[in-house]
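Notes to accompany the following structure.
Each reported figure results from applying straightforward, stated rules to the coordinates on display, with no laboratory input. Given the structure is predicted, the values throughout are model-derived calculations rather than measurements. Cβ coordinates were reconstructed from backbone atoms using ideal geometry, including for glycine residues, and neighbour counts include every protein chain displayed.
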Amino acid sequence: MSAQPRRVENLHTDKGKVPVYATGIIEQPWDDYSADDHATWAQLYARQRELLVGRASDEFLIAQDAMGMTPDRIPKFDDINRVLGEATGWTLIGVEGLLPELDFFDHLANRRFPVTWWIRKPEQIDYIEEPDLFHDLFGHVPLLMNPVFAEYMQAYGKGGVKAHGIGPEALQNLTRLYWYTVEFGLIQQPDGLRIYGSGIVSSKGESIYCLESDASNRIGFDLERIMRTRYRIDTYQKTYFVIDSFEQLIRATEPDFTPIYARLAQQPSIPAGDVLPGDVVLNRGTGEGWATDGDV
Ligand code: HBI
Ligand code: FE
């Protein structure tokens, strides 16, 4: 690939060094993708799809096929936007990479999903610390075809714009909600536990670990519990939260969050690996093999 992503600066946050990019919207430079780029997409796509049958939620797999995504080549945003626009009114926009939170929330609030235009290098095939095209396009975009999830994502964006105006603690509560649902959420299907979180479906190791490891907790979805729960961005999750339907997510975003933020400000945050007496525990993790320090 000729062009390189325009990284603006490395933002030093409590989650460590997070690259923040220019916030402009850019056309997908589809003709600039190299053979390596398409091969990386093909390898990741084929490997994850093979892993995810029986692990990912039915909605995710059905939506990904309905979008016409294949391993053959990197999908064109224009092609995806025709199908997606028809289904739920969402549009993909090309971006340089991770955006400042308010920019990101504002896009979601307007049914625009930012997709990083570049894909990882072959040597990063198993792990990359920031969202690339594969994470966004393969992981986040399919469920935007689902009307209820699409509504949740827009409601989340509107909530994010509001939380940004309230202050950093409200923002942190809301970022945890995104982390434990959109990125690392599990859903209970009649035929078993399944993955819907984008951070999991785009990760080979965590697609297996999240369902099969005894190390981690699996706890029933509880909005305020999630908003209090810390997380790390560089290890598998110590706790996964489980919804019983996407309707449960959209119902959770109906109330005004302002009084919830005020209540939570009086309560301590919860370490990522803890289990509380009030938790609906589907699985109590053994804690073996967790990273032990530095919970954010
Ligand atoms: N920017 N492009 C992009 N993609 C994301 O998923 C993203 C982001 N900025 C902030 C962010 N996610 C998270 O902090 C959300 O919790 C807001
Ligand atoms: Fe993501």
At 7 Å along the Cα-to-beta-carbon direction for both VAL280 and GLU27, put a label point, then send me their distance in nm to one decimal. 4.9 nm
ASP191 versus VAL53: modelled label distance in nm, points set 7 Å from Cα along the beta carbon direction: 1.2 nm
Please report the net charge: other residues with Cβ closer than 13 Å to the Cβ of GLU27, K and R +1, D and E -1. -3
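When only C-alpha pairs under 8 Å and at least 6 residues apart count, what is the relative contact order of region 169-296, in percent?
Details: 191 pairs, mean separation 41.0, N = 128.
Contact order relative to length: 32 percent.
Give me the dipole magnitude in Debye, nearest 20, for the chain about the Cα centre, with unit charges on the beta carbon: positive for Lys and Arg, negative for Asp and Glu.
On the way: 28 positive and 44 negative charges, 90 e Å.
The dipole of the chain has a size of about 440 debye.
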Run the quick spin-label model on SER269 and GLU130: label points 7 Å from Cα toward the beta carbon, then report their separation in nm to one decimal. 2.2 nm
Rounding to the nearest 10 and keeping the result within 0 to 90°, find how far the Cα-based axis of helix 35-52 lies from the longest principal axis of the chain. 40 degrees
Antiparallel bridges, percent of DSSP beta bridges restricted to the chain (to nearest 5): 50 percent
Rounding to the nearest 10 and keeping the result within 0 to 90°, find how far the Cα-based axis of helix 77-88 lies from the longest principal axis of the chain. 50 degrees
Lysine pairs with alpha-carbon atoms under 21 Å apart, the chain, spacing 8 or more or separate chains: 5
Selected from ARG225, ARG263, ARG82 as most flexible by GNM, with the chain as the system and alpha-carbon contacts under 10 Å: ARG263
Region 177-235 and region 19-87 have their Cα centres apart by a whole-number Å value of 22 Å
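Tally Lys and Arg at +1 and Asp and Glu at -1 over the other residues with C-beta under 14 Å from the C-beta of ARG263: what net charge comes out?
Taking every Cβ under 14 Å from that of ARG263, the sum is -2.
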Degrees, to the nearest 10: 168-178 long Cα axis against longest axis of the chain: 70 degrees
In which sequence would GLU247, GLU288 go, from the one with the fewest C-beta neighbours within 10 Å to the one with the most? GLU288, GLU247
Just to be sure I understand: with springs between alpha-carbon atoms less than 10 Å apart, which residue in PRO277, PRO29, PRO71 has the highest mean-square fluctuation in the Gaussian network model of the chain? PRO277
Determine the relative contact order of the chain: mean sequence separation of Cα pairs under 8 Å and six or more apart, normalised by residue count, in whole percent. 17 percent
